[in-house]
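Student: Starting off with a structure, shown below.
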Amino acid sequence: MKINLLSSFLILYFSSKVSCLEETCVKCPGLYCGRTSYNSTCNSECGSCERGYRSNSYFCRKCDDVLELYDWLFLGFMSLTATVLNLYAISAFHDNCMTNRLTVWLLYISAILETLISFIILVLLLDPQGELNIRTCKVQSIKDWYTVFFNPVPDYLTTHRCTVEAVYPLYSAIFIQFLISFFIMVIFRGFLIRLMLQNCGRLSFYAGLYIIPIVAAIHACLAGVLYYIYPYLVLFLSAVGIAVFLSNLSSNSYFKRLREPKNIAILLCYCIAHGYGIISVTIMKEPSRDGPLLLLICLPFTFYTITRPFTRACNFKPF
């Protein structure tokens with residue numbers, strides 16, 4: 001009890017001291033420049049903050065916010081994007097050399113485990129290390145993702161280099177996970193294909209070697225945009241994807257093909273993706289209000305199945 005009171009007193013003391021310093025100091029130029037040392041004269045230069053710190057226009061402060069559900073879902077979205085593309089590559093290429101369904105499912109499971117294991121390792125590596133939690137700086141605007149474009153030029157001659165990961169660690173965490181996932185894929189799936197599957201599945205493996213760098217490059221350029229639109233992107237793609245998937249099923253044996261294990265698994269994945277998008281949009285701020293919206297996960301499938309008899313695809317011809 002005494003330790004808690006002492007720590008609370010120290011936090012209040014230092015925070016009040018820092019607040020007093022901020023009142024007497026001049027603001028640093030630019031949005032992301034800050035002073036790395038505290039002193040009464042404020043004579044330390046403004047510059048780039050260290051990794052894990054963010055400027056409040058005066059000083060660099062340690063990122064100590066808690067990762068919110070929306071942020072967790074964003075990390076999951078980027079991870080699942082690479083996973084879904086790997087699963088698609090396995091489905092697209094496996095017919096070239098595989099006739100055993102068990103072999104295909106082994107590759108599916110391998111791709112899922114690669115993402116799951118890499119994500120767990122990522123969380124354990126980030127601060128605080130060894131805990132299933134992540135210390136972060138909250139995202140305040142889309143500018144926080146592109147700090148490199150906001151280096152100030154006070155005299156229009158000299159540029160102050162204050163580029164910093166203002167959204168620590170949301171931006172770099174994706175690259176770390178993809179790197180871990182890449183090595184796991186090369187070792188684990190490479191061992192699986194070479195020794196257990198007699199080199200079957202090589203094409204999907206080679207595709208995976210391209211998929212991860214491509215998704216990483218998209219994240220590097222569009223991370224800020226994706227952070228704000230990914231819930232709606234998931235909803236749109238899941239709805240369009242399920243329509244395309246169901247339209248490819250034969251109209252004469254529609255319900256019969258729906259009962260096939262592979263099609264059931266694909267349909268279930270689309271429904272889960274739709275639910276993922278609903279949770280991302282609502283963040284379940286009010287469970288009593290937002291919870292029933294999860295019943296809409298089957299809406300695209302239900303709507304297509306009900307309206308299918310009234311639609312004839314052959315009547316739609318390209319111009």
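Values in this text are rule-based calculations from the coordinates and carry no lab data. Model, not experiment: these values are computed from the prediction. Virtual Cβ from ideal backbone geometry, glycine too; neighbours counted across all protein chains shown.
Student: Nearest 10 degrees is fine. How inclined is helix 170-184 to the longest principal axis of the chain, computing both from alpha carbons?
Tutor: 50
Student: Please arrange Ile90, Ile283 by how many other C-beta atoms lie within 10 Å of their C-beta, fewest to most.
Tutor: Ile283, Ile90
Student: Counting Lys and Arg as +1 and Asp and Glu as -1, each charge on the Cβ, what is the dipole of the range 156-297 about the Cα centre in debye, to the nearest 20?
Tutor: The calculation lands at about 480 debye.
Student: Further question on the same structure: If contacts are Cα pairs under 8 angstrom and at least 6 residues apart, what is the relative contact order of the chain in percent? Each step should come with its number before you reach the end.
Tutor: On the way: 350 pairs, mean separation 51.1, N = 319.
16 percent.
Student: Let me ask another. Of Leu197, Ser172, Pro152, which is farthest towards the positive pole of the range 132-197's charge dipole, taken about the Cα centre with +1 and -1 on the beta-carbons of Lys, Arg and Asp, Glu respectively?
Tutor: Leu197
Student: If you rank Met185, Met196 by fewest surrounding Cβ atoms within 10 Å, what's the result?
Tutor: Fewest to most other Cβ atoms nearby, the residues stand as Met196, Met185.
Student: Rank Leu80, Ile109, Ala243 by how far each Cα sits towards the positive end of the charge dipole of the chain (+1 on Lys, Arg Cβ; -1 on Asp, Glu Cβ) and give me just the farthest.
Tutor: Of Leu80, Ile109, Ala243, it is Ala243.
Student: Kindly identify the range 188-319 as rounded, prolate or oblate by the Cα gyration tensor criterion: order the square roots of the eigenvalues as a ≥ b ≥ c, call it rounded if a/c is under 1.5, otherwise compare a/b with b/c, prolate if a/b is larger, else oblate.
Tutor: Numbers: a/c = 1.73, a/b = 1.13, b/c = 1.53.
Taking the square roots of the gyration eigenvalues as a ≥ b ≥ c, the range 188-319 is oblate.
Student: Report the calculated FRET efficiency for Val225 and Glu131 (r = Cβ-Cβ distance, R0 = 25 Å), to the nearest 0.05. Intermediate results must be reported in sequence, preceding the final value.
Tutor: On the way: r = 31 Å, r/R0 = 1.22.
Efficiency, from the Cβ-Cβ distance: 0.25.
Student: Considering the zone a paramagnetic label at Glu45 would reach in this model (a point 7 Å from Cα along the Cα-to-Cβ line), which residues of the range 143-183 have amide N under 18 Å from it?
Tutor: What the label zone holds, given the 18 Å backbone N cut-off, is 151-164.
Student: According to the square roots a ≥ b ≥ c of the eigenvalues of the Cα gyration tensor, what is the shape class of the range 49-138, taking rounded for a/c under 1.5, prolate for a/b larger than b/c otherwise, and oblate for the remainder? If you can, show how the numbers build up before the last one.
Tutor: Working: a/c = 4.15, a/b = 3.06, b/c = 1.36.
The shape class here is prolate.
Student: Please compute the modelled spin-label separation between Ser91 and Lys285, points set 7 Å along Cα→Cβ, answer in nm with one decimal.
Tutor: Distance between the two pseudo-spin positions: 3.5 nm.
Student: Given a Förster distance of 22 Å, report the FRET efficiency between Gln140 and Ser172 from their Cβ-Cβ distance, rounded to the nearest 0.05. Mind dumping the intermediate values first?
Tutor: On the way: r = 18 Å, r/R0 = 0.81.
So the FRET efficiency works out to roughly 0.80.
Student: Please give the contour-minus-distance gain from Thr311 to Met196: 0.36 nm per residue of separation, less the Cα-Cα distance, rounded to one decimal in nm.
Tutor: 36.8 nm
Student: Could you give the size of the charge dipole of the chain about its Cα centre, using +1 on the Cβ of each K and R and -1 on the Cβ of each D and E, expressed in debye and rounded to the nearest 20? Show your work: numbers first, answer last.
Tutor: Numbers: 25 positive and 18 negative charges, 209 e Å.
So the magnitude is around 1000 debye.
Student: Within the range 193-216, name every residue whose backbone N is under 12 Å away from a label modeled 7 Å from Cα of Leu113 along the Cβ vector.
Tutor: Taking a point 7 Å out along Cα→Cβ of Leu113, the residues of the range 193-216 whose backbone N falls under 12 Å are 193.
Student: Also: Any idea how far apart Leu179 and Trp72 come out in nm if each label point goes 7 Å out from Cα toward Cβ?
Tutor: Simple spin-label model gives 2.6 nm for this pair.
Student: Follow-up question, since we're still on this one. Just to be sure I understand the model, the point goes 7 Å from the Cα along the line to the Cβ. What's the resulting Ser57 to Asn248 distance in nm?
Tutor: Between Ser57 and Asn248, the simple spin-label model gives 5.3 nm.
Student: Next question, about the same structure. Order these by the 10 Å Cβ neighbour count, fewest first: Trp145, Trp72.
Tutor: Listing Trp145, Trp72 from fewest to most nearby Cβ atoms yields Trp72, Trp145.
Student: How big is the charge dipole of the range 64-169 about its Cα centre, in debye rounded to the nearest 20, if each Lys and Arg gets +1 on its Cβ and each Asp and Glu gets -1 on its Cβ?
Tutor: 280
Student: Considering only C-alpha atoms, what is the centroid distance from the range 147-180 to the range 233-307, in Å?
Tutor: 38
Student: Of all DSSP beta bridges in the chain, what percent run antiparallel (nearest 5)? Please list the in-between numbers first.
Tutor: Working: 8 of 9 bridges.
About 90 percent, rounded to the nearest 5.
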